[in-house]
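The values are calculated or read from the model by the stated rules, or taken from the named source; none is laboratory data. Note that the structure is a prediction, hence the values are computed from the model and not measured. A quick note on method: Cβ atoms are made from the backbone with ideal geometry, for glycine too, and the neighbour counts reach across all protein chains shown.
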Amino acid sequence: MIRQAFVMTVNPGAEAEYAQRHNPIWPELEAVLRAHGVGTYSIFLHPKTRQLFAYVEFSSQAQWDSVGNTEVVRRWWRDMRELMPTHADNSPVAEPLTEVFYLGGEREEKLACANESPMRPRRARSSVT
């Protein structure tokens, strides 16, 4: 699995609504994420800063990059746009994070296979909030 993390922000006063809309997410959104190779996806809220820390594991970068082209994700973005900063296409503003530590058996193998530096940030192009 490929691991990726990114930070987003929820608008002031929208924290409870943001959490409510994710509990649970739409069944069709879950199905699209699974169909696009997502195995794990977590979002954590830092209540003092309203930052959202997202962590996702997926099987294919190409599948993850294409999830934002689906009708379901675009509808989800439209539904969430009032709760957080977004781009013109309603996708959430997301800042990719650089992994600096990982404890697990896959790191060296994944980096060697992907021919990547662990310090090179990945773009969080297809964040689903």
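Some points to look at:
- Some residue of region 93-101 being out of contact with any Phe, Trp or Tyr (no Cβ under 6 Å at 6 or more places or on another chain), of a type outside the set (Lys, Arg), over 18 Å from VAL7 (Cα atoms) and at pLDDT 95 or above: no
- Residues satisfying the stated conditions in region 52-73, i.e. of a type outside the set (Ser, Thr, Tyr), under 14 Å from the mean Cα position of the chain (by Cα) and either over 19 Å from MET8 (Cβ atoms) or surrounded by 15 or more Cβ atoms within 10 Å (Cβ to Cβ) (or both): LEU52, ALA54, VAL56, GLU57, PHE58, GLN61, GLN63, TRP64, VAL67, GLY68, VAL73
- Qualifying residues in region 1-14 (those that are out of contact with any helix residue (DSSP H, G or I) (no Cβ under 9 Å at 6 or more places or on another chain) and not aliphatic (A, V, I, L, M)) - the one surrounded by the most Cβ atoms within 10 Å (Cβ to Cβ): PHE6
- Matching residues in region 84-95 - criterion: being loosely packed, with under 15 Cβ neighbours inside 10 Å and not in a loop (DSSP other than H, G, I, E, B): GLU95
- Filter result (within 18 Å of GLU28 (Cα to Cα) and hydroxyl-bearing (Ser, Thr, Tyr)) within region 43-90: SER66, THR70
- Which numbered condition SER42 misses (of (1) surrounded by fewer than 15 Cβ atoms within 10 Å (Cβ to Cβ); (2) of a type in the set (Gly, Ala, Ser); (3) more than 14 Å from the chain's Cα centre (by Cα)): (3)
- Pairing each residue of region 32-44 that is under 14 Å from VAL67 (Cα atoms) with any residue that is hydroxyl-bearing (Ser, Thr, Tyr) and in a helix (DSSP H, G or I), provided the two are 6+ apart or on different chains, yields C-beta distances under 9 Å for HIS36/SER66.
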